[in-house]
1. For a 30 Å ceiling on Cα separation, which of these pairs sit above it: B:Lys6/B:Lys71; A:Lys88/B:Lys179; A:Lys179/B:Lys98; A:Lys6/B:Lys17; A:Lys4/A:Lys214; B:Lys145/B:Lys179?
2. Cβ neighbours within 10 Å, averaged per peptide: list A:16-22, A:72-78, B:203-209 in order, most packed at the top.
3. With a 10 Å Cβ neighbour count serving as the proxy for reagent exposure, in which order, fewest first, do B:Ser45, B:Ser152 appear?
4. What spacing in nm lies between the two simple spin-label points modelled at A:Arg236 and A:Lys209, each 7 Å away from Cα in the Cβ direction?
5. Determine which chain B residue has its Cβ at minimum distance from the rotation axis mapping B onto A, giving the value in whole Å.
6. State the extension gain, in nm to one decimal, for the chain segment bounded by B:Leu57 and B:Ser34, taking 0.36 nm per residue of separation less the distance between their alpha-carbons.
7. Across peptide A:160-171, how many C-beta atoms of other chains are within 10 Å of each residue C-beta, on average?
8. Please say if region A:1-66 is rounded, prolate or oblate, where rounded means a/c under 1.5 for a ≥ b ≥ c the square roots of the C-alpha gyration tensor eigenvalues, and otherwise the choice is prolate for a/b larger than b/c and oblate otherwise?
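Computed from the coordinates by the stated procedures, all read-outs in this text should not be read as laboratory data. Every value quoted in this text rests on a predicted model; they were computed, and no experiment measured them. Note: ideal-geometry Cβ built from the backbone for every residue, glycine included; neighbour counts use all protein chains shown.
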Protein chains: 2
Amino acid sequence: MTQKDKSILMIGCFDTKEENFNFLRQCIVSHGESVIAMNTGIFGSTSLFPVELESDLVAAEAGESIGDLRKRADRGHAVEIMGKGAGKLVSRLLTERKIKAVIGMGGGGGTYISLAAMEPLPIGFPKLCISTLASKDVTRQVGMKDILLMPSVVDVAGLNRISRLIMRNAAAALTGMAKVNLKTDEKSLGTIAISMFGNTTACVNECTKLLEAKGYEVMAFHANGLGGNAMETLIREDCFVGILDITTTELA
Amino acid sequence: MTQKDKSILMIGCFDTKEENFNFLRQCIVSHGESVIAMNTGIFGSTSLFPVELESDLVAAEAGESIGDLRKRADRGHAVEIMGKGAGKLVSRLLTERKIKAVIGMGGGGGTYISLAAMEPLPIGFPKLCISTLASKDVTRQVGMKDILLMPSVVDVAGLNRISRLIMRNAAAALTGMAKVNLKTDEKSLGTIAISMFGNTTACVNECTKLLEAKGYEVMAFHANGLGGNAMETLIREDCFVGILDITTTELA
């Protein structure tokens, strides 16, 4: 399957925000891309556009039934389950090479579900989330991923001149990335990670020189609380051929 | 001047991050776009690529000399002045219709300067910032703007396989938006803003119906602390023909 045959995955609660997703979908399609739509809304669906992956499937991936989620009526629990299920489905679509970019849109719950769904996507794989929370602290949810956050400015509720501008831009940004991004499945980066801080910079520089002379690429992470997390995330993604953790500031 | 003749504005500290900006610039140029480069670094410049707007010009816009900033060596003050000067230059480039998109990249200081520079750009005008802080709380800096934030994942310091992927994606996203965005100078939206909250929803819905029946577009803002700010920002940008501020929760 070539990059051109792959689709854009659109994730969201189509039960309450169908108008917005219908418009967003049209914007993506206008760039010549096909869309796979995944519904994460537990109270229903939409008839405005085709939905390839319905919410009962998403819930089932996380081991629960959509009926039970509806009955329980616990928003926090539903959001967690749908995020987990969406992530599993995204993993599978990625392995099956069916998708080349992912877009989400939502308020608090929708943003959380979208970001959880994007968890399994490797760095460099185009991912974007239109969110009412985009300018708040979403460190925990974004993690160390390269998720583009687009502030929705107005609420994700209905179409108006601002929401249309925002969605049009988001679709253009995502499809722009999807068109040039051809190495999204590259996982191993053949690189050596090194942790650094002011007090180890001289040592890091010396190590880097020696390693580069041997033909390795060296990637430094600032051990300031964020850098170490990024490094560990990438270690778990199997991005490095070696680690030189010579700065343990974050443990102190 | 048509949209095609306009350039992409690239803002950053070229004294310390020239390698990254050189690569980012090449990525943008590879999409067939021309670049105007604005240097906000106070300690020097670069010879890797042409710089159209040098840092002495940026400082002068804010009423200070680059020499004084260097001598004073107060990082916080320098960042504030360069952000202010960059914002004024961006305003002028916008009025002269020379730019169609703006991109910034940086760590703490560079991010702040870029976001301040983007302040004058209207909603819908493509703007993106690659930042080490992208997933932290940047509400104050982003304000209520539709600035796309791209987490840099690794530090903005030198080129490696991750930073290249991130910059390539950012350039593709920005130029993708610049290509479709043709109505960036539209300021007045001919819309009525209305503030809402749970306790006024019924009233808001009734007002909306009446106003829409009269041919107005109605835009609701959730008075939850963020929505009111967004509404006020847009009021200052002259986006509305009328305001119905019937929900004063944020004053309480």
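1. Pairs exceeding 30 Å: B:Lys6/B:Lys71; A:Lys88/B:Lys179; A:Lys6/B:Lys17; A:Lys4/A:Lys214.
2. Averaged packing, sorted descending, gives the order A:16-22, B:203-209, A:72-78.
3. B:Ser45, B:Ser152
4. 3.6 nm
5. For chain B, the closest residue to the axis carrying it onto A is B:Gly176, 1.
6. On the way: separation 23, 0.36 × 23 = 8.28 nm, distance 2.08 nm.
Here the answer is 6.2 nm.
7. 6
8. Note, shape of region A:1-66 comes out oblate.
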